[in-house]
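The values are calculated or read from the model by the stated rules, or taken from the named source; none is laboratory data. Owing to the predicted nature of the structure, the values given are computational and were not obtained by experimental measurement. Using ideal geometry, Cβ is built from the backbone for each residue, glycine included, and neighbour counts are taken over all protein chains shown.
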Amino acid sequence: MRYQISGKQLDIGDALQTHVKTELGETLDKYSQRPTDAFVVFSRGTPGYRCEISVHLSTGLTAAAKGAGTEVYAAFEDCREHLDKQLRRYKRRLKDHQRNRLEPVEFGDAGMYVLAADTGIGESEPESLAPVIVAEMEAKVPTLSVGEAVMQMEIAGKPMLVFRNEKHGGVNVVHRREDGNVGWIDPRHIK
């Protein structure tokens, strides 16, 4: 497994890197036998330190967690506990996902754009309705079933996931609703 451990405006020493690799490796071995990459980022927060972990599994799923603490090690342990809880909670689903899927998840390329925020301060009416593009990037859109998409969204801790529906190949969206339920948008099925 490949580890990428970095710090934002923070020096990461060898002892911390060794600790992260050992502890995170044990957690991942417990729940998923085939992780491919782990990205760990440490940063300074207002009260102390923050840690973010993102783990890519060979099936195409991504698990992510965040943690905070007064010390760097405490922030990592909090984050690792969150990841452990997610993986434990979805262990059965992950096993079913790996058993039912014979091949890894396919990813298609898509354009992703960052648009400038419209502050509206001191402006009467915009000259054009076309938004200003700040950045252009490439995004990967997975081909999943709806159940897999919901699981991926929850494991990654994201509020929304855009995916290609494996049944019909159309673009779909699952999202976390304000009432706590999950919404599914499928433009092909309009009643």
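Miscellaneous remarks
- Subset of the range 176-191 [under 20 Å from the mean Cα position of the chain (by Cα) and either within 15 Å of S145 (Cβ to Cβ) or modelled with pLDDT of 85 or more (or both)]: R176, R177, E178, N181, V182, G183, W184, I185
- Picking from residues in the range 141-191 that are polar (S, T, N, Q) and more than 18 Å from H56 (Cα to Cα), the one that is surrounded by the most Cβ atoms within 10 Å (Cβ to Cβ) is N172.
- Search result, residues across the range 155-175 that are small (G, A, S) and not in a loop (DSSP other than H, G, I, E, B): A156
- Listed here are the strands (runs of 3 or more DSSP E) enclosed by the range 35-75 that have at least 2 residues being closer than 19 Å to L161 by Cα: 49-57, 62-69.
- Within the range 1-53, considering residues that are basic (K, R) and surrounded by fewer than 16 Cβ atoms within 10 Å (Cβ to Cβ), the one nearest to E81 (Cα to Cα): K30
- Qualifying residue in the range 114-136 (condition: in a strand (DSSP E or B), within 25 Å of E52 (Cα to Cα) and modelled with pLDDT of 80 or more): yes
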